[in-house]
Amino acid sequence: MSEISVLPLPMRELAEFEEKGTILSWLSSCDHKQIGILYLLTAVFFFIVGGCEALFMRIQLAVPNNHFMKPETYDQLFTMHGTTMIFLVIVPSLLGLSMYLVPLMIGARDVAFPRLNALGFWLLLFGGLFLYTSIFFGNAPDMGWFSYAPLSEKPYSSLPGVDFWALGLFAIGIGTVASGINIIVTILTLRAPGMKMKRLPLFAWMTFVNSFLIVFALPALNAALAMLLIDRGLHARFFTPDAGGSPIMWQHFFWSFGHPEVYIMVLPAFGIISEVVPVFSRQPIFGYGFVAASTVAIALLSFAVWAHHMFAVGLGHSMDIFFALGSMLIAVPTGIKVFNWVFTMWHGAIRYTTAMKFATAFLIEFTIGGLSGVIFAVVPMDWQLTDTYVIVAHIHYVLFGGTMFALFAGTYYWWPKMTGRMLSERLGTWHFWTTVIGFNATFFVQHMLGFAGMTRRVWSYPDLPQWGLLNMISTAGAFVLAGSTVFLFWNMLWSKAHGKAAGSNPWEAWTLEWATSSPPPLYNFAQVPPVKGPRPLWDLHHPEQQDRYLNK
Amino acid sequence: MDSYPVFAPHSEYARSIASLSYGVLWTALGIFLLVAGLVTYATYKFKARPEEKTPKPVYGNTKLEIAYTLGFVLILGTISVFSIRAMEASDPPTAREADNLLIVAHQWWWEVRYPGLGIVTANEIHIPIHQDEQLGFRSADVIHDFWVPELGRKMDIIPGIENKSWIAADNAGTYFGACAEYCGQEHAWMRIRVVAQTPGAFAEWEKEQLAVPATPTEGEAGEGAKYFQELSCASCHTIRGTAAEARIGPDLTHVASRETLAAGRLDNTPANLAKWLLEPDLVKPGCHMPNLHLPRQQQDALVAYLETLR
Amino acid sequence: MTETLAAQGEDLLHDKTRLAILLFIASEAIFFACLIAAYVRYASASPLGPNAKSVLDPMKTGFYTACLLSSSITIYFAERAQRLRQAGVSRWLAGTMFLGAVFLYGEMQEYRKLLDENVTVSRNLFGSTYYTLTGFHALHVTVGLVLLGTMLVISLRRKMRKPQHSALTCISYYWHFVDAVWVAVFSVVYLWSTQ
């Protein structure tokens, strides 16, 4: 068995499987790798758009009483920034990475439903573009990315921005559910022989669990959007109080989606970290079982905590306490993971490639973000700090310092596999440090601004003590952060032109995607290595030290 | 610490939250230092050395994992207990018909009514020190939120629902707050000012607020009084003692006695009042006060009149 | 050639199409659960104006409900015939479609009557929630009829081949789901909220 080479010679002429590189072949592709890359390109495009939106906002907020822009412009910017970053950057990045990697990681040829895969992508792109055409029809949506009623209703938002937002998100939601179903079915039915569920790479496992979250959470959003559209278009009464409608019902529906959504945005990132840290520490993940089980715990609990976004609504202490306890509880499996990742590094032989640098920084940044989240589970503290810049700091620490840093780690880890070329470690180091400095400079001071009393979603603010200084620091940080992305894009261009050929397994990693060429051929694997444990290539190269013999 | 009002409590309600916050934040810091310490240590101690062979695999340590799981549960459980206690202290039960103040939130100003005293004012709230005030909230339009961090919790103001909360002030002084739920274009300038006064000063203020100012008939102010009724001002504003009784905009009976205009957007000076009358759409873009394109003479007269309304 | 339940269960985990349709049904179930929750929440608050008790006719709608539920039986026979390679698939499919169409006809009649009485989406919360809930359900029935029609055409042209993994099985799951949703809607709207 150990004589099987990882890259066997092709058995026959494979010219008919040659991939074409034309635009049309990309647009009509049903290949999971191409669709994955299309998702990632979409995410990069909207990342730049959403980032510019943020920069403009930070310019307006750099000094007190600023008049760089009008309030209605600012309101559109923050609404679009939130909506874009969540639905058009993070979701497609994670879906794209999942679609690219999951079939490879399980030794499959493609996903279960390749055409559905394409449909999911095009629906997402269409939804995003539709959302942005709102600019040409009056105004972009400006009621905030969670669109509270009755502000989002016709009397207060008479322009069609809200409708574009709702319809765009509707399309994105349907596409996302289709992709979630695809991933679940792929993992359940197309695993290579020997790959039991408990031998899944953790990225695949977390994507699997995540897909259940998608399937169960997105419909709640679509229901809420349907009711909002019917309110606005047909003068129904769901969320307007004049005929007994309840603005709070909107919040319940929205956050029933919205809370699982934040875990949808973070579980695959946990998956990335669970791949990167072990490989570059040269240690298997510490406590595979706990990490896998805690993922399920998070998924289940995520449906029971939504009203922690509503502690200031006045639901009553019993409701508040129920959701607070649930929120405290969900912090436990999340915290476990952080320790498991740290202890993976223990007794390792750590190589600090850029991917590992970002993964290590993730551990610190996500801990800060997670702790600030726990603070909000302390109801009286939420009563002071919700809707202030402490929330803005929290969300950016978990979504940028968390998910985005994990995505950067994943980029540096899997870029060689996807393109066949290595990224520059030198440029990567520049990218890393400017990102860390820019990110923390932008967002750490926002914790302080919240304690200083600054509420969120304000287009301008008075000259209260420290507010001007802290905001200026935050704006400066934002520009450094913007500049840091230049290193990333430059690195990508450099890699295309001068990057060293990667070979199939430049990192000496262990999961199946590294058992084929870089980039993989259209058919993924000429021959799938035997799978006897969670690290098939480790087992192959260390026959006396296979995981199943050592992992009692 | 006054730059950080969340840490500068001036009431029992705010204090119970602040003391809880210290404990929670120190705990969070401790956990952060632990994680950061472990990561830093691992970074240096386990860095790959050039000649190093592949280390022996370590798959986990179930006892350790159970230990830190239970550790988390214990810490979070303890915090929860203190949290629940502070909930009771900072947000005691309220009674239905017992509001000391009724605050109606509008886009983008605060209507302030004292049911027991018969006072109606706007944006600036006066309370006597050492007295628990039950606030009743209503919204005239969208969701707002009342937040004065030094005096108490924030509370959403939701149309169709009558939320209530408590504030009090230990010391005389001015306390700042703001609307804390995005409510549209000028959410940023829907600021709150609470003036806590000694009982004597509060009684003075009460008397002044209940008094009906005489309507001037002579001079520029007299002209202004006439313009106020003739132009569309009276269709939105109340000035007691005159025919103007509308409640669409703030009550202006004692507008000159307030410290700010336009819910904290401008300091209340004659020059600023003139600026506000001249171009409210530039001072507070999106606000519902229309720009009446007043000729200079009318503007001056109105300012003169409004300045008499102390 | 029946299969034991356990074998069918294990078989399911290898049958991607059936898995997919079941997951899709799960997501639609959440969607309808939200619409039903909205209906219940607002019905409990007793809105002013027309309500279920005053304008709905459970008996009449009960008849159309019986038609829809019978269509679950006819589609079961259609699917079974197809799975066991017996005759009668087209017949049972046509019967299912007929019963489904009768149901939709009944819905239309009901809507027409309500609109005549000025019970609209915007009239009050009963109108908003009733039309939204039943409207989305009717939409799903319509989609089901289109799917069934497609299967009927394929069946009539004698193009059905494989006994397993067939589209008809999955469509029948969808159709049963649509019926199950109606059971819930009927119970909540016509039985509970008319008290």
Could you give the alpha-carbon Rg of segment A:410-535 over 2.2 N^0.38 Å, rounded to two decimals? 1.56
For the charge dipole of chain A, defined by +1 on Lys and Arg C-beta atoms and -1 on Asp and Glu C-beta atoms about the Cα centroid, which residue among A:PHE376, A:MET356, A:TRP507 has the Cα displaced farthest towards the positive pole? A:TRP507
Normalising by the residue count of chain C, find the relative contact order in percent from Cα pairs under 8 Å and 6+ residues apart. 34 percent
Phi-derived 3J(HN,Hα) across segment A:510-526 with the Karplus relation (6.51, -1.76, 1.60, θ = phi - 60°), rounded Hz, x for Gly and Pro, is 10, 8, 5, 5, 8, 9, 9, 5, 10, x, x, x, 4, 8, 6, 10, 6
Mean residue ellipticity (222 nm) of chain A, computed from DSSP H runs ≥ 4 via -39,500 (n - 2.57), nearest 500: -21000 deg cm²/dmol
Cα-only Debye scattering, chain B: base-10 log of I(q)/I(0) at q = 0.08, 0.09, 0.15 Å⁻¹: -0.49, -0.58, -1.20
Along each of the three principal axes of the Cα atoms of chain A, give the extent in whole Å, ordering the values from largest to smallest. 74, 49, 47
Phi-based couplings in Hz for segment B:94-104 (Karplus 6.51, -1.76, 1.60; Gly and Pro marked x): 10, 10, 4, 9, 10, 5, 7, 10, 10, 10, 9
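Evaluate the Kirkwood expression for the hydrodynamic radius of segment C:31-85, namely the inverse of the mean inverse distance over all pairs of different C-alpha atoms, and round to one decimal in Å. Please list the in-between numbers first.
Numbers: mean 1/r = 0.0696 Å⁻¹.
Hydrodynamic radius (Kirkwood, Cα pairs) of segment C:31-85 is 14.4 Å.
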What percent of all Cα-Cα pairs in segment A:55-163 falls into each 10 Å bin, going from 0 up to the bin containing the maximum distance? 13, 33, 28, 16, 9, 2
Determine ³J(HN,Hα), in whole Hz, for all residues of segment A:83-99 in sequence, where each value follows from phi through the Karplus function 6.51 cos²θ - 1.76 cosθ + 1.60 and θ = phi - 60°; x replaces Gly and Pro. 4, 5, 4, 6, 8, 10, 10, 5, 4, x, 4, 6, 5, x, 4, 4, 4
How large is the dipole of the protein assembly as shown about the Cα centre if only Lys and Arg carry +1 and Asp and Glu carry -1, each at its Cβ, rounded to the nearest 20 debye? 4300 debye
How far is it, in nm, from the label point at B:ASP281 to the one at A:HIS498 when both lie 7 Å from their Cα along the line to the Cβ? 5.7 nm
Taking a spot 7 Å from the Cα of B:ASN171 along the direction of its beta carbon, which residues of segment B:93-136 have an amide N less than 18 Å from it? B:127-131
Can you run the Rg to Rh ratio on segment B:151-265? Use alpha carbon positions and the Kirkwood inverse-distance Rh. 1.01
Relative contact order (percent) for chain B, with alpha-carbon contacts under 8 angstrom and 6 or more residues of separation? 16 percent
Taking just the alpha carbons, could you work out the radius of gyration and Dmax for segment A:262-398, both in angstroms? 16.3, 52
When we measure straight from the Cα of B:LYS154, which lysines land under 23 angstrom away, once same-chain ones fewer than 8 places off are left out? B:LYS164
Qualifying lysines (Cα of each under 25 Å from Cα of A:LYS196; at least 8 residues distant if same chain): A:LYS33, A:LYS337, A:LYS417, A:LYS532, A:LYS552, B:LYS56, C:LYS16
If amide H atoms are built 1.01 Å from N in the plane of the peptide, which residues on other chains or at least 5 residues away come under 5 Å of the amide H of B:ILE119? B:TYR114
Can you list, largest first and rounded to whole Å, the semi-axes you get for segment C:92-140 by taking the square root of 5 times each eigenvalue of its Cα gyration tensor? 26, 12, 5
Could you give the semi-axes, largest first, of the ellipsoid that matches the protein assembly as shown, computed as the square roots of 5 times the alpha carbon gyration tensor eigenvalues and rounded to whole Å? 54, 39, 25
FRET efficiency for B:LYS63 and A:PHE136 from the Cβ-Cβ distance with R0 = 60 Å, rounded to 0.05, comes out at 0.45
Put +1 on the Cβ of every Lys and Arg and -1 on every Asp and Glu Cβ in segment C:40-195; which of C:ASN118, C:SER46, C:TYR105 then has its Cα farthest towards the positive end of the dipole? C:TYR105
Which residues qualify? For B:LYS47, with a placed amide H closer than 5 Å and at least 5 residues away or on another chain, they are A:ILE350
Can you pull the mean other chain C-beta count within 10 Å for peptide A:345-353? 6
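Let me know the longest stretch in chain A that avoids all GluC sites (Glu not before Pro) found in a DSSP loop with at most 16 other C-beta atoms within 10 Å.
That gives A:20-507 as the longest site-free run.
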Rounded to the nearest 10 degrees, what's the angle between the helix B:219-230 long axis and the longest principal axis of chain B, both from Cα atoms, 0 to 90? 70 degrees
Amide H to amide H, which residues 5 or more places from B:LEU266 or on other chains are under 5 Å from it, using H placed in the peptide plane? B:LEU261
Calculated FRET efficiency, B:GLU204 and A:ILE48, Cβ-Cβ r, R0 41 Å, to nearest 0.05? 0.10
Among all the lysines, which ones have a C-alpha under 22 Å from B:LYS275's C-alpha, if same-chain residues fewer than 8 places away are not counted? A:LYS70, B:LYS226, B:LYS284
Got a sec? Charge dipole of segment A:29-545, +1 on Cβ for Lys and Arg, -1 for Asp and Glu; which of A:TRP538, A:ALA393, A:THR186 is way out at the positive end? A:TRP538
Scoring segment A:29-545 by relative contact order with C-alpha pairs under 8 Å, at least six apart, yields a percentage of 17 percent
Any chance you could list P(r) for chain C, counting all Cα-Cα pairs in 10 angstrom bins from zero, rounded to whole %? 9, 33, 30, 18, 9, 1
If one compares the long axis through the Cα atoms of helix A:161-189 with the longest principal axis of the Cα atoms of chain A, the angle in degrees, nearest 10, works out at 30 degrees
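Round to the nearest 0.05 the FRET efficiency obtained for A:LEU550 and C:ASP11 when R0 = 45 Å and r is the Cβ-Cβ distance.
0.80
Every number in this text was worked out from the coordinates using simple rules, so none of it is lab data. Owing to the predicted nature of the structure, the values given are computational and were not obtained by experimental measurement. With ideal geometry, Cβ positions are generated from the backbone for all residues, glycine too; neighbour counts draw on all protein chains shown.
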